[in-house]
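I have placed the structure first, in the form of structure tokens, so that the comments after it can refer back to it.
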Amino acid sequence: ARRAMALCLIAGLAMGWERNNFNNIVKQYSVQTAFSPYEMAFLRDENPDEQHTINLVWRIEAYTALLWSLGLIDTLPPVDRTVDVPSVTAIMQERSRDDFITQAQRRPTNQILDALDLHYRYAWALQENRLQRRPPPDGLEPGVVFERCHALLWVIRDHDLDWDQVQVHT
């Protein structure tokens with residue numbers, strides 16, 4: 001749950017949230033130590049490069065996958081477009097830190113494995129098209145697929161890897 005909160009917040013900051021507001025929410029939710037090294041580098045950089053910022057904006061999709069794996073949303077949104085940011089960030093904003101953590105109940109492993117398998121298949125299709133120099137298959141937004149694969153893989157591996165070390169191999 002703390003990883004999900006950190007992802008929501010870092011994505012929000014990368015999307016342009018005001019820094020003082022961000023800092024206040026970080027303190028309110030006590031997630032100062034929940035950011036990965038890559039995310040901490042972004043927080044320390046007064047002028048982060050564009051790619052670093054873009055990479056962290058995409059973390060909203062990983063956050064969404066964690067919301068689902070924690071049972072805080074019933075279904076994963078479609079992979080053909082990015083999530084509705086206000087609706088997924090509201091899931092955290094409408095709860096206190098304690099309520100967010102208390103209400104987070106990990107889905108059964110078989111459901112998470114099924115979702116991971118599906119997203120890996122999507123990733124393979126994207127990779128195959130990339131290698132063939134074709135556009136992504138209709139109905140697949142690459143950033144959505146890869147961020148969700150990353151998050152679901154991290155969940156299923158019982159966090160034996162740091163967030164930044166998880167790699168989606170296709």
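The values are calculated or read from the model by the stated rules, or taken from the named source; none is laboratory data. Just so it is clear, the model here is predicted, and its values are computed rather than measured. For neighbour counting, all protein chains shown are included, and Cβ atoms are generated from backbone atoms with ideal geometry for every residue, glycine included. To get the accessible areas, we keep the full protein, side chains included, count just its heavy atoms, and leave off ligands, DNA and RNA. Shrake-Rupley method; radii C 1.70, N 1.55, O 1.52, S 1.80 Å.
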Legend entry - the chain, Cα convex hull volume normalised per residue, Å³: 115
Legend entry - Dipole of the chain [Lys/Arg +1, Asp/Glu -1 at C-beta], most positive-end residue of 11, 43, 122: 122
Legend entry - Point-to-point label distance, residue 124-residue 90, nm (Cα→Cβ direction, 7 Å offset): 3.8
Legend entry - region 19-106: C-alpha gyration tensor shape, a/c 1.5 cut-off, then a/b vs b/c: oblate
Inset, instruction - In nm, give the distance between the simple-model label positions of residue 133 and residue 15, each being 7 Å from the Cα along the Cα-to-Cβ direction. - result: 3.6
Inset, instruction - Place the peptides 13-23, 56-66, 139-149, 88-98 in order of packing, highest mean first, counting for every residue the other Cβ atoms within 10 Å and averaging per peptide. - result: 56-66, 139-149, 88-98, 13-23
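When only Cα pairs under 8 Å and 6 or more residues apart are kept, what is the percent relative contact order across the chain?
Numbers: 181 pairs, mean separation 45.8, N = 170.
This gives 27 percent for the chain.
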Legend entry - About the Cα centre, charge dipole magnitude for the chain (Lys/Arg +1, Asp/Glu -1 at Cβ), debye: 160
Inset, instruction - Determine the per residue accessible area of region 1-150 with all protein chains present and a 1.4 angstrom probe, expressed in square angstrom. - result: 53
Inset, instruction - Extending each Cα 7 Å along its Cβ direction at residue 102 and residue 165, get the distance between those two points in nm, one decimal. - result: 3.4
Inset, instruction - Would you work out what percent of the accessible area of the chain, with all protein chains in place, is carbon or sulfur (probe 1.4 Å)? - result: 48
